[in-house]
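Read the structure below first, then the notes.
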Amino acid sequence: MRLIEIFYSIQGEGPAMGRSATFVRLAGCNLRCQGCDTDNRTIQELSVEEVMKGILCRMVVITGGEPTLQMEQMSELISLLHSQGNEIHIETNGTNPIPEETLKKIRYAVVSPKRGSNFHLDFWAGKKNVHLKFILGKAPWCWTSELLQDIIPALEKERTWIMAYGTDQNMPQARAAWDLALSLGINYSDRLHIRLLRR
Ligand code: SF4
């Protein structure tokens, strides 16, 4: 697998916010979001078995980059983790639907659709283990309040989140995301790793 890093940390975003996990960050993405905070400078090639040796705890978050670009190996990793009783989460931009056989082994698939991309909203919205996380911000790939007010009423509230874009520790856009989440009756996600670790 093409991989950037395996590390142990606290999940800072989305439905598992505040829980400790092993993160497997896969390399490569099919989108080019301006201001993307994924650091692709150190890429290594590891077998699925080698990745398994780096798993330090029960909860595992497979992230990127865009992990579904390596769908076959990612599905193999998920099967192995599942057979060993791990709780598996995945973070994706939603442009590649995950096969049902793999998706059902995942506790949470957190899909963060980027504006202007082909993110298959109908496919994801129908899956009970999928949470949709929209990023509010000024970048061209982020969402505006107006666009979200059109999209969100059709979605299941408990599985829909708004998070503010930004890598500034003070999170200046967080209050706007909070207010919008409250007005739409959906969830607000913070970015705890940015607030606490600045990364
Ligand atoms: S989808 Fe995510 S990883 Fe890919 S370029 Fe955009 S922000 Fe970066």
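Quick rundown of the values:
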{"item": "Qualifying residue in segment 40-56 (condition: surrounded by 19 or more Cβ atoms within 10 Å (Cβ to Cβ), under 18 Å from the mean Cα position of the chain (by Cα), in contact (Cβ under 8 Å) with a residue 24 or more places away in the chain and not in a loop (DSSP other than H, G, I, E, B))", "result": "no"}
{"item": "Search result, residues across segment 65-89 that are open to solvent by less than 10 Å² (accessible area, probe 1.4 Å), outside any helix (DSSP H, G or I) and within 16 Å of the ligand (Cβ to nearest atom)", "result": "GLU66, HIS89"}
{"item": "Complete set of residues in segment 2-28 that are in a loop (DSSP other than H, G, I, E, B), touching a helix residue (DSSP H, G or I) at 6+ places or on another chain (Cβ under 7 Å), in contact (Cβ under 8 Å) with a residue 60 or more places away in the chain and within 16 Å of the ligand (Cβ to nearest atom)", "result": "GLY12"}
{"item": "Candidate set: segment 125-174, residues that are among the basic types (Lys, Arg) and open to solvent by less than 60 Å² (accessible area, probe 1.4 Å); chosen: the one nearest to the ligand (Cβ to nearest atom)", "result": "LYS133"}
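Every residue, every condition in (1) in contact (Cβ under 8 Å) with a residue 60 or more places away in the chain; (2) in a helix (DSSP H, G or I); (3) out of contact with any Asp or Glu (no Cβ under 7 Å at 6 or more places or on another chain); (4) within 21 Å of ALA16 (Cα to Cα), yes or no:
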position	(1), (2), (3), (4)
GLN149	no, yes, yes, no
ILE162	no, no, yes, yes
ASP168	no, no, yes, no
ALA177	no, yes, yes, yes
ALA181	no, yes, yes, yes
LEU196	yes, yes, yes, yes
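The values are calculated or read from the model by the stated rules, or taken from the named source; none is laboratory data. If you're wondering where the values come from, they're calculated on a predicted model, not measured in any experiment. Every residue, glycine among them, receives a Cβ derived from its backbone with ideal geometry; neighbour counts consider all protein chains shown. All accessible areas refer to the heavy atoms of the entire protein, side chains included, with ligands and DNA or RNA removed. Shrake-Rupley method; radii C 1.70, N 1.55, O 1.52, S 1.80 Å.
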